[in-house]
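Here is the structure we will look at, set down as structure tokens.
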Amino acid sequence: MIIDCHGHYTTSPRQHEGWRGEQIEAHKAGKPPPPRPRITDDEIRESIANGQLKVQRERGTDLTIFSPRAAGMGHHLGDATTSEAWASACNELIHRVCSLFPKNFIGVAMLPQSARVSPNNCIAEIDRCINEYGFVGVNLNPDPSGGHWQDSPLSDRYWYPIYEKMVEYDIPAMIHVSASCNPTHHTTGAHYLNGDTAGFNQLMTSSVFKDFPAIKFIIPHGGGAVPYHWGRYRGLAQDAKLGLLSDLMLNNVFFDTCVYHLPGQELLAKVIPVDNILFASEMIGAVRGIDPETGHHYDDTKRYIDQLPLSAADKAKIFEGNARRVYGRLSTTIEKQSVRAV
Ligand SMILES: [Zn+2]
């Protein structure tokens with residue numbers, strides 16, 4: 001089985017994001033938001049059949065761990081109330097996708113974060129998404145201010161209510177920023193990779209893994225700059241007398257394969273132990289074009305893994321085994337959803 005652990009619903013029916021625009025406009029005008037739009041099952045089916053499901057079939061992958069569009073989370077927009085309503089709408093839509101295509105998609109929640117608002121306000125939505133929707137993880141935005149970094153670092157106890165829930169439910173968090181509202185930081189070219197790198201560094205210099213030995217984080221986009229600069233982080237850990245970086249991080253931190261060229265994948269697989277790498281593509285996401293050097297889509301990351309000089313057993317870990325281990329509820333959910341699909 002090939003499990004892509006990083007997919008977003010970038011092809012949702014138009015009225016979904018349309019409502020978000022209206023919601024934010026209403027908020028600015030001090031008015032209540034309009035009622036949520038009607039979205040039919042057929043509209044959802046069409047958006048998936050011609051989108052992510054089509055790509056799964058073309059590329060030979062089986063299951064996508066699926067969450068709301070990341071840049072669309074927009075935690076810097078509106079306030080805690082608008083974030084709550086928007087997260088609820090987005091997660092509900094993911095649940096509908098997973099119900100319509102139970103063999104192909106399993107949900108991960110977006111959180112109703114808001115800049116400088118305690119993450120305590122995310123707990124009810126985590127409970128709902130795990131207990132009612134059967135989701136298997138969350139996306140945690142380390143910078144809800146959208147490129148201005150106004151909240152506490154991930155090392156701070158500020159975030160502990162979410163960490164407690166992650167351990168309680170055995171769900172990992174993918175550290176994933178949203179859109180940048182800071183014009184110096186392009187959303188997918190700078191802010192995403194900065195968020196990945198900063199998140200890793202914040203956790204590295206923290207006592208989070210001492211306080212939560214079982215907690216698991218996934219650093220997306222191949223870990224931002226981290227694998228390339230692994231020597232820097234090893235040296236920083238050593239200078240700060242934190243011990244060996246591998247001992248410090250690799251029980252709790254995992255890297256996905258959203259790296260859009262073969263040399264990057266080769267470096268990732270050379271630097272990071274195979275047990276800490278999870279297959280992912282973020283298909284129909286940040287980079288949608290075809291690489292003229294290969295003739296294939298940049299985000300067709302399975303092709304790069306296929307070419308790595310790894311054993312079949314190691315590739316199976318990257319494609320399936322590690323995801324089942326890191327997402328503690330995944331195997332049970334796969335069984336439950338495949339029963340529903342019959
Ligand atoms: Zn993403």
**OP:** Considering the options A312, S155, T257, tell which one lies farthest towards the positive end of the dipole of the chain, charges being +1 on Lys and Arg and -1 on Asp and Glu at the Cβ, about the Cα centre.
**Re:** A312
**OP:** Using only C-alpha atoms and all pairs of different ones, pull out the Kirkwood radius for segment 291-342 in Å with one decimal.
**Re:** 13.3
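Place a +1 charge on the Cβ of each Lys and Arg in the chain and a -1 charge on the Cβ of each Asp and Glu, then give the dipole magnitude about the Cα centre in debye, rounded to the nearest 20. Provide the component values of the computation, followed by the final result.
Working: 33 positive and 38 negative charges, 35 e Å.
Here the chain has a charge dipole of around 160 debye.
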Subject >> Residue-normalised accessible area of the chain, given per residue in Å² at a 1.4 Å probe >> reply: 42
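What net charge is computed for the residues neighbouring P112, neighbours being all others with C-beta under 9 Å from the C-beta of P112, Lys and Arg scored +1, Asp and Glu -1? Please list the in-between numbers first.
Details: positive: none; negative: E84, E125.
Residues close to P112 contribute a combined charge of -2.
Could you pull out every whole DSSP H run in the chain that spans at least 15 Å of Cα extent along its own axis and averages -0.5 or higher on the Kyte-Doolittle scale?
80-100, 192-204, 330-341
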Subject >> lysines whose Cα lies under 27 Å from that of K315, excluding same-chain neighbours fewer than 8 positions away >> reply: K54, K103, K216, K270, K302, K336
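Within the accessible area of the chain, what % is carbon and sulfur when the probe is 1.4 Å and the other protein chains stay in place?
Working: 7390 of 14420 Å².
Answer for the chain: carbon and sulfur cover 51 percent of the accessible area.
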Subject >> 5 angstrom amide H check on H296, placed H, neighbours 5+ away >> reply: D291
Original post:
Counting pairs of Cα atoms in segment 188-342, how many percent are more than 18 Å apart?
Top reply: 62
**OP:** Using only Cα atoms, locate the centre of segment 318-334 and the centre of segment 123-152, then give the distance between them in Å, rounded to an integer.
**Re:** 20
Subject >> Max mean-square fluctuation residue, GNM over the chain, Cα-Cα springs under 10 Å, options S99, S281, S67 >> reply: S99
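For the chain, what is the percent of antiparallel DSSP beta bridges, rounded to the nearest 5? Write out the running numbers ahead of the final one.
Working: 2 of 22 bridges.
Antiparallel bridges: around 10 percent, rounded to the nearest 5.
What does the charge count near V167 come to, summing +1 for each Lys or Arg and -1 for each Asp or Glu among other residues with Cβ under 12 Å from its Cβ?
Numbers: positive: K165, K216; negative: E164, E168, D170, D211.
Residues near V167 contribute -2 overall.
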**OP:** With viscosity set to 0.692 mPa s and temperature to 37 °C, compute the Stokes-Einstein D of the chain, Rh being the Kirkwood radius across alpha carbon pairs; µm²/s, no decimals.
**Re:** 163
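Stretch Q150-A316 to full length: gain in nm at 0.36 nm per residue minus the Cα-Cα span?
Working: separation 166, 0.36 × 166 = 59.76 nm, distance 4.02 nm.
Computed gain between Q150 and A316 is 55.7 nm.
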**OP:** Give me the distance in nm between label points sitting 7 Å out from Cα along the Cα-to-Cβ direction at K270 and E58, one decimal.
**Re:** 3.1
**OP:** Can you tell me the FRET efficiency between E164 and E293 if r is taken as the Cβ-Cβ distance and R0 is 45 Å, rounded to the nearest 0.05?
**Re:** 0.45
Subject >> Estimated 222 nm signal from helices in the chain, with DSSP H stretches of n ≥ 4 weighted -39500 (n - 2.57), rounded to 500 >> reply: -12000 deg cm²/dmol
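The values are calculated or read from the model by the stated rules, or taken from the named source; none is laboratory data. Everything numeric in this text was worked out from a predicted model, so none of it was measured. Virtual Cβ from ideal backbone geometry, glycine too; neighbours counted across all protein chains shown. Keep in mind that these areas ignore ligands, DNA and RNA; they rest on the heavy atoms of the full protein, side chains included. Shrake-Rupley method; radii C 1.70, N 1.55, O 1.52, S 1.80 Å.
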